[in-house]
Amino acid sequence: MKPMDLDLQFVADALPAFLSEAREQIASIEQLLLQLEDAPDDRELLDALFRCAHTVKGSAGIFGLDAVVAFTHHVESLLDRLRAGALQLTPALSTLLLQCNDQIRALVDAAGQPASGDADDTDGDAARAALVARLQAAGAGRDAPAAPAPQAGDAAAPEAIPDAASPWQIG
């Protein structure tokens, strides 16, 4: 076998282990968020929550799962601000993080499905873009819009949702 074939075989063999571990981390994220409802300033719980997200992101990167890495990076950035004490965990923020965890779960589940040449996840992309905008707003200390994720048939595309951290520009 050529080295490239060995690499592809390794990825194919190791992916099920990643999926299993990622699902365990995702379940832990949910449990930690629920525990934090009663102790929002608990540093040990916040650190554990961050480590779970960081583990999913890092492991996904090994497998080239760029959508998981990119989305989880935004979650991780907000969690880092929580750990640093720059933000307080509120019920609204906890709900946002639970919604993000659902999206991470969907991305991980999709990674375990056979690839389809015509896979179109426009609704998922729009939902994630809306969540990213809310994460960025929350991370900047602004109230994140509480609008639900776009539904099937909505015209919102990821590029139609402005970066919450940058001002509008004309031109």
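The values are calculated or read from the model by the stated rules, or taken from the named source; none is laboratory data. Predicted, not measured: the structure shown is a model, and the values here were computed from it. Cβ atoms come from the backbone with ideal geometry, glycine included; neighbour counts cover every protein chain shown. For the accessible areas, the whole protein counts, side chains as well, though only heavy atoms, and no ligand, DNA or RNA atoms are used. Shrake-Rupley method; radii C 1.70, N 1.55, O 1.52, S 1.80 Å.
Things to note:
Residues are listed down the side, and each one gets a yes or a no for (1) at pLDDT 95 or above; (2) over 21 Å from ILE29 (Cβ atoms):
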residue	(1), (2)
VAL108	yes, no
ALA149	no, no
ALA157	no, yes
PRO162	no, yes
ALA165	no, yes
TRP168	no, yes
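- Flag if ASP123 is within 10 Å of the chain's Cα centre (by Cα) and open to solvent by 60 Å² or more (accessible area, probe 1.4 Å): no
- Checking each residue of region 79-99 against the condition of being more than 19 Å from ALA138 (Cα to Cα), within 12 Å of the chain's Cα centre (by Cα) and open to solvent by 40 Å² or more (accessible area, probe 1.4 Å) gives no match.
- Residue-level check: of (1) open to solvent by 30 Å² or more (accessible area, probe 1.4 Å); (2) within 22 Å of GLY141 (Cβ to Cβ), ASP102 misses just (2).
- Members of region 1-57 that are open to solvent by 60 Å² or more (accessible area, probe 1.4 Å), basic (Lys, Arg) and either over 16 Å from the mean Cα position of the chain (by Cα) or within 22 Å of ARG81 (Cα to Cα) (or both): LYS2, ARG43, ARG51
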